[in-house]
C-alpha cells in the first residue's frame, strides 16, 4: 500500500476512531429504516449537505516567492449525516466534533507557506500550535495577528504530503476541531479514445468500450449516493479531476487504480468501503468525505 495513502488513513483515525467502533456498520438511507438499529444512535432529522465550507478555519497559501492565495477549506461534522449518525457512546460532542480539510497544490523542491485563521478565536502562544505527526518537517509559529504560520519545503521526490494542525486552548483544539492539510502534486489527466469523462451516473451503465474513467464536477455513483459501484473489469484507471466530488463507494477489482487530480475528493455518504479481489479495505461510517490523494497509480 502507498505510504501516503496509509498516512491519510491514520489522519482519519484521529477524527473517527471511536465512531468506527461504535457506529452501525450498515449505512441507512432514511431515519425510519434505521430507527431501531441501535438505541444509542441518533440520526439527524435534517442531515447536513456536503461539500460544506468550514466555519472553523480559513487558509491562505503561498508557493515560493509567489503571492498569497485563498484555499477553500471544507468541513465534515461527526453525527451530521445518516452515514455517520451521532452515537452517545462515542465520546464525541454532538454537533461540535469536526474535521476541516484543505488541499494545497505544490510541486517538488517548493517552499510552501500556510496561513491559518481560526474563525472562532485567534491563536495565542499558549495554544501550543504544532502539527501531527510531529516528525513532519513543518515549522509553526503564531503571528501577532493571531494567525498560525506554517512553512515546509517539498522534497525532490515529492509525491504528496499530509499533516494536521494540533493545538488546544483547554476547551477547543485539534482533537475536537481538527484541520488536515493535503499537499498535492499535479497529475495530468488521461487522454485517448479509451477514456470516458463521467458527468452523470447514467453513463456508468455503458463503459464496456473504455478502460479509463474521468470524474469531473460533483457526481453520485448512483442516485442518492448510497449504493455501491462495482467497477467493471475492463476499467483499469479512475481519474478524479481537480475539484471533483464523488458520492458513493467504489468496489475495485485487482487491476483497478485510482488516479487523482490535485484537489479531487471521494465522498462516502454511506458506510464506505474500497474493495478489490483478495483484499478488503473498509472505511466504515465516515462522516462525509475523505480525500483520495497523492497516489498517481495506486492500487488499493
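What the table shows:
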read-out: Residue that is farthest from residue 198 (Cα to Cα), among those in the range 245-258 that are at pLDDT 75 or above and surrounded by fewer than 22 Cβ atoms within 10 Å (Cβ to Cβ); value: 251
read-out: Subset of the range 165-206 [in a strand (DSSP E or B) and under 25 Å from residue 228 (Cα atoms)]; value: 195, 196, 197, 198
read-out: Hits in the range 101-121 - residues which are at pLDDT below 95 and either under 14 Å from residue 165 (Cα atoms) or assigned to a strand (DSSP E or B) (or both); value: 101, 102, 103, 104, 105
read-out: Residues (assigned to a strand (DSSP E or B) and either modelled with pLDDT under 80 or touching a helix residue (DSSP H, G or I) at 6+ places or on another chain (Cβ under 8 Å) (or both)) located in the range 228-244; value: 228, 229
read-out: Options 171, 200: the member that is exposed (fewer than 14 other Cβ atoms within 10 Å of the Cβ) and either modelled with pLDDT of 95 or more or within 30 Å of residue 115 (Cβ to Cβ) (or both); value: 171
read-out: Members of the range 87-100 found to be assigned to a strand (DSSP E or B) and surrounded by fewer than 24 Cβ atoms within 10 Å (Cβ to Cβ), listed by number; value: 87
read-out: Number of the condition not met by residue 139 [criteria: (1) crowded, with 17+ Cβ neighbours inside 10 Å; (2) touching a strand residue (DSSP E or B) at 6+ places or on another chain (Cβ under 6 Å)]; value: (1)
read-out: Filter pass, residue 214 being free of Cβ contacts under 8 Å to residues at least 60 places away in the same chain, more than 30 Å from residue 118 (Cα to Cα) and over 20 Å from the mean Cα position of the chain (by Cα); value: no
read-out: Enumeration of residues in the range 122-136 that are within 22 Å of residue 68 (Cα to Cα), in contact with a strand residue (DSSP E or B) (Cβ under 7 Å, 6 or more places away or on another chain) and assigned to a loop (DSSP other than H, G, I, E, B); value: 123, 129
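The values are calculated or read from the model by the stated rules, or taken from the named source; none is laboratory data. In this text the structure is predicted, and so the values were computed from the model without any measurement. Heads up, the Cβs are rebuilt from the backbone with ideal geometry, glycines too, and the neighbour counts pull from every protein chain shown.
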